[in-house]
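What follows is a short report on a single structure.
The values are calculated or read from the model by the stated rules, or taken from the named source; none is laboratory data. Every value quoted in this text rests on a predicted model; they were computed, and no experiment measured them. Because the Cβ atoms are built from the backbone with ideal geometry, glycine has one as well, and the counts that use them run over all protein chains shown. Side chains are part of the model used for accessible areas, which takes the heavy atoms of the whole protein and leaves out ligands, DNA and RNA. Shrake-Rupley method; radii C 1.70, N 1.55, O 1.52, S 1.80 Å.
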Amino acid sequence: MLTDALVTHTCGGPFAYQQVQLDDDLRPDECLVLIRASGVCHTDLLFSRESSMPDLFPAVLGHEGTGTVVKVGSQVTRVKPGSNVILCFTSCGECKYCVRKQTPYCDLWFQYNFGIGRLDGTKSSFARHAVVSERGLVPVPEEAVARGWHTLAPLGCGVMTGAGAMLNVLQPAAHSNVVVAGVGAVGMSALMALGMLPEDSRPKRVIAIDVQPARLQLAKRYGATHGVNGKLRPNLMDVLMHITKGEGVDGAIDTTGNIHVLEGLVHSAARKGKVVSVGVGHLEAKVPIAPFESVLAGLSYVGCNQGDAYPQDFLPLLLRASAEGKFPYDDLIRTYPAREMQVAADDMLQGRTLKPCYHTQCRAFVDSGRNTGVRCSRCNRTYCLKHRMQEDHDCKNVRLFLHVEAERSTASAKFPEAKLFFNCDWTVGRMLDEAAKRLQVANLNNMAQTEEQRLRIYHVEGGRLLEFGEKLQTCLQSGNTVVLLRGVGPAQQDG
Ligand SMILES: [Zn+2]
Ligand SMILES: [Zn+2]
Ligand SMILES: [Zn+2]
Ligand SMILES: [Zn+2]
């Protein structure tokens, strides 16, 4: 049959929307699915640029999708024509892992899931139709479809991976310290999954690590209590021990695959701590773990594929939690028409992220064409239209109450810290002078010639260095934590 698809003709080439021939002669276990929406995963963009496999192209990529079954093979029993489904990875159904519902570790996982759809569009979601094995489908109820097809597409891959890593693998204990390194789609799903735990059994500290301030701000909205900007604070172990007051991290999920980050997580693990790898960086990279350290600490290092999830059980669980408002993963979905695939790909590769309204209870975003933000002239923060007026947001804070800390000067010294009040009209520079005096930290800023000697203010919740000229009321809120750091600047504004 003829169908439409987004075709990548050459490595690194653009996505072209065109007609292709699809072989719809179904094998007994296969279904023909009409694709209603497709998610864009980093893997697709990596493959579209993969130069080591010239035979790959032309190709139809895409593996996060959702749609309606239109035709089924002779032995299909779980779905029928008309069933609405989410596409996910598939498996053999017969090996010992499949029998135990550990399908991400199926004997034939690679053969089934690393083949790319050829021009005929088989198994690829960047097409109008796809041919998929019954075992790669999860039926979804009508209520879920009613909330929009686009909300279902990313569930079968990135969202499942993040939420599964948290709930199935990390399984954080009550009052523990948890870290999520890298808060893109996968890391954010891991954070949000904490909302599915009963309130009294959630971790007490949830620390997000990323290099983008906007993402760290967003992470706070979805459960992070602290944000660490890895670019500005490269000594992760120091930072994490500092935030956890020396307790260490009980559970960490790494979505970055960055060895430097993993090393920091391993070294800041608490006794009986667990470090979970979800992201893969360079294929030949190694995590340095010392047997001595791990024996004494009872450390676990585990990898996990697809969130260790059995999608046919796990996705309905996520959909229910989302309908109950406990797992708002769909807040973060951006939609593009299929013909604008290139725009979506570019946005993603450049890490353009959503910017939230500053109102803490608001879920609106203010950076899209549909929803322009308004900057309040008094408090200088950006709000959605509904919260733009001074009386509609917390605008009148005159005095700010801050936790101020300084980094210890030697390994044995204590962290100097104090709880201080500042006038919110003050600039960051003035607050820094006052804070340094109160904490008795040497302050050479007025005569410092080089950045090494200069003190800077790091905003923990915002995950960035503040500029000396910024007004406190525009960048801080009462109860926030700031840290005096030397030799880490200059500050960078997020865009
Ligand atoms: Zn994916
Ligand atoms: Zn299997
Ligand atoms: Zn205001
Ligand atoms: Zn708002």
Checklist line | Residue tally, condition surrounded by fewer than 18 Cβ atoms within 10 Å (Cβ to Cβ) and in contact with a Phe, Trp or Tyr (Cβ under 8 Å, 6 or more places away or on another chain), over region 260-280 | finding: 0
Next item on the list: Check region 265-275 and report whether any residue there is touching a Pro at 6+ places or on another chain (Cβ under 9 Å), farther than 20 Å from LEU194 by Cβ and assigned by TED's automatic domain parsing to the domain that holds ASP238.
Entry: yes
Item checked: Failed item in (1) within 30 Å of GLY227 (Cα to Cα); (2) touching a helix residue (DSSP H, G or I) at 6+ places or on another chain (Cβ under 7 Å), with VAL140 passing the rest -> (1)
Margin query: For the condition modelled with pLDDT of 85 or more, of a type in the set (Ser, Thr, Tyr), surrounded by 13 or more Cβ atoms within 10 Å (Cβ to Cβ) and more than 16 Å from ligand 1 (Cβ to nearest atom), what is the one hit in THR427, THR382?
Written below: THR427
Notebook entry, point to check: Do we find a residue being at pLDDT below 80, under 28 Å from CYS11 (Cβ atoms) and either open to solvent by 10 Å² or more (accessible area, probe 1.4 Å) or assigned to a strand (DSSP E or B) (or both) anywhere in region 63-75?
Noted result: yes
Check: How about region 76-115: which of its residues are in contact (Cβ under 8 Å) with a residue 40 or more places away in the chain, open to solvent by 90 Å² or more (accessible area, probe 1.4 Å) and either aliphatic (A, V, I, L, M) or touching a strand residue (DSSP E or B) at 6+ places or on another chain (Cβ under 9 Å) (or both)?
Finding: ARG78
Next item on the list: Hey, can you tell me all the residues within region 148-168 that are assigned to a loop (DSSP other than H, G, I, E, B) and closer than 29 Å to ASP254 by Cα?
Entry: LEU152, CYS157
Next item on the list: Report, by residue number, each residue of region 418-468 that is in a strand (DSSP E or B) and farther than 15 Å from VAL488 by Cα.
Entry: ALA418, LYS419, LEU420, PHE421, PHE422, ASN423, THR427
Note to self: With the requirement that a residue be among the small types (Gly, Ala, Ser) and either out of contact with any helix residue (DSSP H, G or I) (no Cβ under 6 Å at 6 or more places or on another chain) or more than 16 Å from ligand 2 (Cβ to nearest atom) (or both), what does region 71-97 give you?
What the structure shows: GLY73, SER74, GLY82, SER83
Notebook entry, point to check: Could we say that GLY307 is assigned to a loop (DSSP other than H, G, I, E, B) and under 18 Å from the mean Cα position of the chain (by Cα) here?
Noted result: no
Checklist line | Unique residue being at pLDDT 95 or above and under 26 Å from PRO416 (Cα atoms) when the list is LYS245, LYS204 | finding: LYS204
Margin query: Condition first: open to solvent by 20 Å² or more (accessible area, probe 1.4 Å) and within 16 Å of VAL183 (Cβ to Cβ). Can you find one or more residues in region 288-301 that meet it?
Written below: no
